[in-house]
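Asker: Provided herewith is a single structure, encoded as structure tokens, for subsequent inquiry.
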Amino acid sequence: MRTKQELTTAIRERRRAALVVNAHSRRGRRLYDTVHARLRAAGFTLLGAYPVDRPGELDRVLAEAAGLGPDLLVTGGGDGTVGAAARLLAHRDVALGLLPLGTTNNFARTVGVPLDLDAAIGVLTGGKVIDVDLGLIGDTRFTNHVGIGLSADIMQSAPPGLKRVVGRLAYPMTGLGLLARHRPLAVTVRAEGREHTFTTHQVYVANGGFHAGRPITADATADDRLLVAYPVGGSTRRGLLRETARNAAAGHRRTLGDEPFLAVRQLWLDTDRPARIEVDGEPYGQTPVRIGLDPNALRLMARPDSPDH
């Protein structure tokens with residue numbers, strides 16, 4: 001395994017990369033040819049380039065691309081695409097390059113990769129390799145968050161066509177339709193010898209610092225050895241809507257020491273009835289579940305001034 005500096009030097013000097021774009025994502029299909037051309041113009045030798053328009057083929061194509069031996073695996077898509085690539089590249093001598101082409105791009109925001117395409121390619125050519133934490137739910141790694149309750153129901157119900165047309169607004173639009181018949185959950189979280197109980201329609205466990213394209217807190221990162229667990233509102237639907245709006249408006253001003261955040265390295269979570277789980281926007285299973293961390297598991301290309309612990 002090369003050091004991060006050695007891998008950075010290899011990427012900057014040799015520019016050997018493979019490209020995988022989720023062409024099923026909101027912007028991936030439209031921008032694939034542009035991405036391909038601009039990476040070549042930036043001096044990258046593309047060992048392989050793959051537009052993936054069937055979600056079921058993503059894992060296979062990512063594995064094929066990584067098997068070509070690139071120093072950098074460039075992925076274009078949203079958080080689901082990034083999560084699949086991160087699981088594949090964990091603890092491997094290949095860096096992940098991010099081209100944020102999804103709906104909310106939470107992980108890219110967390111690690112400071114620009115959402116502008118040219119600026120993101122600039123990070124690939126002039127950035128540095130850092131390593132960040134991945135979350136662990138069971139034996140599955142994740143980049144950004146686990147959602148339990150209403151968000152998992154929304155992820156399984158939001159129409160793909162609506163996401164392509166209105167972007168991240170598709171989620172609250174779908175959620176409003178589901179909320180009228182959604183029942184709150186009694187949630188138990190056990191962590192660091194303590195038990196926390198609350199009733200809510202929605203609970204998140206985040207590894208990164210963003211959710212739905214908005215900051216969770218001012219000080220949550222993907223490199224702090226912490227998970228952040230928090231409910232959104234209480235037992236009432238009105239409370240859920242109020243807290244959702246508050247989180248969106250005030251996340252950048254709140255810290256991990258504020259209520260209702262619980263910052264820990266691992267936790268066990270159960271609900272009064274089996275509740276659906278989504279992981280980085282993809283269906284996972286049902287509660288109960290154990291969630292932990294895999295520290296410094298993923299190497300990725302980040303801005304030259306990015307912190308690296």
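Values quoted throughout were computed directly from the atomic coordinates according to the rules given, and no laboratory measurement underlies them. This one's a predicted model, so the numbers in the text were calculated from it and none came from an experiment. For neighbour counting, all protein chains shown are included, and Cβ atoms are generated from backbone atoms with ideal geometry for every residue, glycine included.
Asker: Please give the charge dipole size of the chain, origin at the Cα centre, charges +1 on K and R Cβ atoms and -1 on D and E Cβ atoms. Round to the nearest 20 debye.
Answerer: Dipole of the chain, to the nearest 20 debye: 760 debye.
Asker: Also, quick follow-up: Pull out the extension gain between Leu115 and Ala90, defined as 0.36 nm times the separation in residues minus the alpha carbon to alpha carbon distance; nm, one decimal.
Answerer: 6.7 nm
Asker: Going by alpha carbons, how many degrees (0 to 90, nearest 10) lie between the helix axis of 170-179 and the longest principal axis of the chain?
Answerer: Orientation of helix 170-179: about 20 degrees from the principal axis.
Asker: Let me test this: with uniform point scatterers at the alpha carbons of the stretch 90-134, what is the Debye-based log₁₀ I(q)/I(0) at q = 0.15, 0.18 1/Å?
Answerer: -0.38, -0.55
Asker: Continuing with this model, one more query. Rounded to the nearest 0.05, what FRET efficiency do Asp308 and Arg181 have when you use their Cβ-Cβ distance and R0 = 41 Å?
Answerer: Working: r = 46 Å, r/R0 = 1.12.
In this case the efficiency is close to 0.35.
Asker: Students often get this wrong, so try it: which of [x] 49, 39, 16; [y] 29, 26, 17; [z] 33, 21, 17 is semi-axes √(5λ) of the Cα gyration tensor in Å as calculated from the structure shown?
Answerer: For semi-axes √(5λ) of the Cα gyration tensor in Å, the calculated option is [z].
Asker: Under a plain spin-label model, where a point goes 7 Å from the Cα along Cα-to-Cβ, how far apart in nm are Asp270 and Asp53?
Answerer: Taking the simple label geometry, Asp270 and Asp53 are separated by 4.8 nm.
Asker: Work out from phi, with θ = phi - 60° and the Karplus expression 6.51 cos²θ - 1.76 cosθ + 1.60, the ³J(HN,Hα) of each residue of the stretch 71-82, listed in order in whole Hz, and give x for Gly and Pro.
Answerer: Residue by residue, the stretch 71-82 yields 7, 9, 9, 8, 10, x, x, x, 5, x, 5, 4 Hz.
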